[in-house]
Amino acid sequence: MENSISSTLVKRSSPFGCVVLFFAAIFYFYEFWLQVSPGVIAPDIMQHYGVSGAELAYLATFYFVGYAGMQLPAGMLFDKLGPRKLLALASICCAIGTLVFATAAYFQWLLFARFITGLGSSFAFLGALVLAANWFPTKRFAMLNGFVITLGMLGAVFGEKPLALMVEALGWQRSMLDLGIAGLVLAVVLFLVVRDRPKGMRDIHIPVTGKELWRSILIIIKSPKSWLVALYGALMYGPTPAFAFWGVYFMMLAHHLARPDAAELISFIFYGWAVGGPLFGAFSDKVGRRKTPLVISAIGAIIFILPVIYSPISTKWILGSCMFIFGFFSSGFLPSYALIREINHPKICGSVMGFMNTVNNIGGALLPPFIGLILDHYWLGKTVDGLRIYSLGDYHIALTILPLCMIVALLLIPLLPETYCRLREEK
């Protein structure tokens, strides 16, 4: 079995594979735009629906519950059915969720809309990773992972200042309506362009029966090494969407900025991810180590999140630089995806990536409402036109959870295995 699988692995990159991966990454771009959008329109939603900070943060929770809850099923579906049809259907799901969000009469419908959007979004990054594994050599996987992240982070950038400008010009509901329509167009493009794998390549990722699919999930769940790698990823990834959700509001308060300017500063985090993702991936592939970039990532992210949260300096270029460098180092956790792939059998690549994303996004689901609960706990009852006003001290206390998460991640690294960039079958 091992030899037959090894003989089917891709040895060379394909030009058409680059096209396929690019459009899959465009879906990830779109998904990330949708993911960070509530952070920009948070004041509008709080005022329009009269909700508290904790209630507002449930928008992020419902998104990530849908996202994380679908990761294992999505991985199994990719292993069974392939990415092409699934990515097109997922884009339609994102579009429907966004259209409901734009037209909802009640706040509860916003929660439902974010859940639906999270379900569709759960296929984006995972589908791109499966396509990278299907179309490219193993030695390119971490670098291509970084390329996908780059496009995703550019989507997050568009979800900050460009979206803020759209909201200023069109209103938040019309802006979200336009994003929903864009998702329907993207679904058509994905269906027409994406192909599951190169012609003539026997699919190595599809278990024959549903029983084998569930058996593969049990193998991953019973693996302590897989849990440690995924937990590291959750602790490193979670602070980014959490700060993206609360950061615009925080920067407006802390530095007396207009919403587009605050959103622009937050976008520097995603610029850092866009640059750091492929560089850390290429660095990991080059040195033949997975744990080395993980150590660098954790230490650098901890150092540079502190001035972002606590610095009294309001100079825009200094704040932007700190956010960029924080994003750059945060992206260094991405070789952990290659690490967890390499400690598991290549036959269950989709399921492994699904497990990793499930655990990672638990952080994205839990941190925003936890921060919101802390803010509400210290809130002194002040409101302006129905909008709750939190103090700067409240934010400093609530956001302390972010560097604490990354400190725990750093302490986990000595417990992680080292694969030296080799698949399990190659060892």
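The values are calculated or read from the model by the stated rules, or taken from the named source; none is laboratory data. Everything numeric here is computed off the predicted structure, so don't read it as measured data. In this analysis, Cβ positions are derived from the backbone assuming ideal geometry, glycine residues included, and neighbour counts consider all displayed protein chains.
Can you go through Gly277, Gly238, Gly233, Gly272 and tell me which one is touching a residue at least 12 places away in the same chain (Cβ under 8 Å) and within 26 Å of Tyr390 (Cα to Cα)?
Testing whether each residue is touching a residue at least 12 places away in the same chain (Cβ under 8 Å) and within 26 Å of Tyr390 (Cα to Cα) leaves just Gly238.
Given the condition assigned to a helix (DSSP H, G or I), among the hydrophobic types (A, V, I, L, M, F, W, C) and at pLDDT below 90, answer yes or no: does some residue in segment 173-192 qualify?
no
Restrict the check to segment 237-259 and report whether at least one residue is over 23 Å from the mean Cα position of the chain (by Cα), modelled with pLDDT of 90 or more and surrounded by fewer than 18 Cβ atoms within 10 Å (Cβ to Cβ).
Scanning segment 237-259 turns up no residue that is over 23 Å from the mean Cα position of the chain (by Cα), modelled with pLDDT of 90 or more and surrounded by fewer than 18 Cβ atoms within 10 Å (Cβ to Cβ).
Among the numbered criteria (1) of a type outside the set (Phe, Trp, Tyr); (2) in contact (Cβ under 8 Å) with a residue 12 or more places away in the chain; (3) in contact with a Ser or Thr (Cβ under 9 Å, 6 or more places away or on another chain), which one does Val308 miss?
Unmet for Val308, out of (1) of a type outside the set (Phe, Trp, Tyr); (2) in contact (Cβ under 8 Å) with a residue 12 or more places away in the chain; (3) in contact with a Ser or Thr (Cβ under 9 Å, 6 or more places away or on another chain): (3).
Within segment 224-263, which residues are outside any helix (DSSP H, G or I) and either within 21 Å of Trp172 (Cβ to Cβ) or of a type in the set (Gly, Ala, Ser) (or both)?
Gly238, Leu257, Ala258, listed by residue number.
Among the residues of segment 350-359 satisfying the criterion of being at pLDDT below 85 and crowded, with 24+ Cβ neighbours inside 10 Å, which is nearest to the chain's Cα centre (by Cα)?
Asn357
Can Ser314 be described as part of a helix (DSSP H, G or I) and either of a type in the set (Gly, Ala, Ser) or buried (at least 24 other Cβ atoms within 10 Å of the Cβ) (or both)?
Details: part of a helix (DSSP H, G or I): no; either of a type in the set (Gly, Ala, Ser) or buried (at least 24 other Cβ atoms within 10 Å of the Cβ) (or both): yes.
Considered against the rule, which asks whether it is part of a helix (DSSP H, G or I) and either of a type in the set (Gly, Ala, Ser) or buried (at least 24 other Cβ atoms within 10 Å of the Cβ) (or both), Ser314 comes out as no.
For the structure I just gave you, tell me whether Val100 is farther than 22 Å from Gly372 by Cβ and surrounded by fewer than 20 Cβ atoms within 10 Å (Cβ to Cβ).
Numbers: farther than 22 Å from Gly372 by Cβ: yes; surrounded by fewer than 20 Cβ atoms within 10 Å (Cβ to Cβ): yes.
Against the criterion (farther than 22 Å from Gly372 by Cβ and surrounded by fewer than 20 Cβ atoms within 10 Å (Cβ to Cβ)), Val100 qualifies.
Out of curiosity, is Val36 closer than 24 Å to Leu151 by Cα and among the β-branched types (Val, Ile, Thr)?
yes
When you check Ala68 against the structure, is it modelled with pLDDT under 85 and closer than 20 Å to Tyr378 by Cβ, yes or no?
Against the criterion (modelled with pLDDT under 85 and closer than 20 Å to Tyr378 by Cβ), Ala68 does not qualify.
Pull up segment 372-426, narrow it to residues that are free of Cβ contacts under 8 Å to residues at least 40 places away in the same chain and charged (D, E, K, R), then point me to the one that is surrounded by the fewest Cβ atoms within 10 Å (Cβ to Cβ).
Lys382
Would you say Gly288 is touching a residue at least 24 places away in the same chain (Cβ under 8 Å) and closer than 23 Å to Leu404 by Cα?
No: the conditions fail for Gly288.
Within segment 331-345, how many residues are buried (at least 24 other Cβ atoms within 10 Å of the Cβ) and touching a Pro at 6+ places or on another chain (Cβ under 7 Å)?
Residues meeting the conditions: 2.
Here is a check on your reading of the model: is Ala298 buried (at least 24 other Cβ atoms within 10 Å of the Cβ) and over 30 Å from Val167 (Cα atoms)?
Yes: the conditions hold for Ala298.
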